[in-house]
Amino acid sequence: MLETKTRSPNLSKYAGGYDVRAVAFADERRQTLGLWVVNRASKETMVELTLASWKNQPVEMRHYYLSGEAGVDPDDLRVTPETELDPRISSGEFSSAGSIHIELPPASVSSFLMTRVESDAVMGPSHE
């Protein structure tokens, strides 16, 4: 489990007082990062994930989720949910500040799995 802090300019109308909550965890070698995120907002929300030790780190990512509909109150029982339980692998890269932007669907529960990708430039020349 990793220490997480959530900051948001949103003034949530949700009784719990927040739109986004997250928890992060990693394997022992910190090669794989797991992230669970709840988005209570009824709109897509862009979040910034910062992990200083992953500066300039390319990653492969999978985003699993269950979400509601944009503009529909998450507590409305008539909402038609959308699910993504077999996502394609996408790629991304943490910035020089150690952050990456990820998009959350409206009224969603998401699970991200990010794995470090070693680049050839980092590995150096071959000695064959």
(request) Take Arg116, project a point 7 Å from its Cα along the Cβ direction, then tell me which residues of segment 19-49 have their backbone nitrogen under 12 Å from it. (result) 27-33
(message) Please state the shape class of segment 20-109: rounded when a/c is under 1.5, otherwise prolate if a/b exceeds b/c and oblate if not, all from the C-alpha gyration tensor.
(response) prolate
(message) Counting only other residues whose beta carbon sits under 11 Å from that of His101, what net charge do I get with K and R as +1, D and E as -1?
(response) -3
(message) Please compute the modelled spin-label separation between Ala52 and Ser90, points set 7 Å along Cα→Cβ, answer in nm with one decimal.
(response) 2.8
(request) Report the extension gain between Asp73 and Arg7 in nm, rounded to one decimal, defined as 0.36 nm multiplied by the number of residues separating them, less their alpha carbon distance. (result) 21.5 nm
(message) How charged is the neighbourhood of Ser53? Take every other residue with its Cβ under 11 Å from the Cβ of Ser53, and add Lys/Arg as +1 and Asp/Glu as -1.
(response) +3
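Would you mind counting up the charge near Val79? Only other residues with Cβ under 12 Å from its Cβ, with Lys and Arg at +1 and Asp and Glu at -1. Write down the numbers at each step before the final one.
Details: positive: Arg78; negative: Glu69, Asp73, Asp75, Asp76, Glu82.
With Lys, Arg at +1 and Asp, Glu at -1, the net is -4.
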(request) Work out from phi, with θ = phi - 60° and the Karplus expression 6.51 cos²θ - 1.76 cosθ + 1.60, the ³J(HN,Hα) of each residue of segment 27-32, listed in order in whole Hz, and give x for Gly and Pro. (result) 6, 4, 8, 6, 8, 10
(message) For a quick check: with amide H placed at 1.01 Å from N, whose amide H comes under 5 Å from Lys43's, ignoring anything fewer than 5 positions away on the same chain?
(response) Gly71, Ala107
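Only the coordinates and a few stated rules stand behind these numbers; no lab work does. Quick caveat, the model's predicted, so the values are computed rather than measured. A quick note on method: Cβ atoms are made from the backbone with ideal geometry, for glycine too, and the neighbour counts reach across all protein chains shown.
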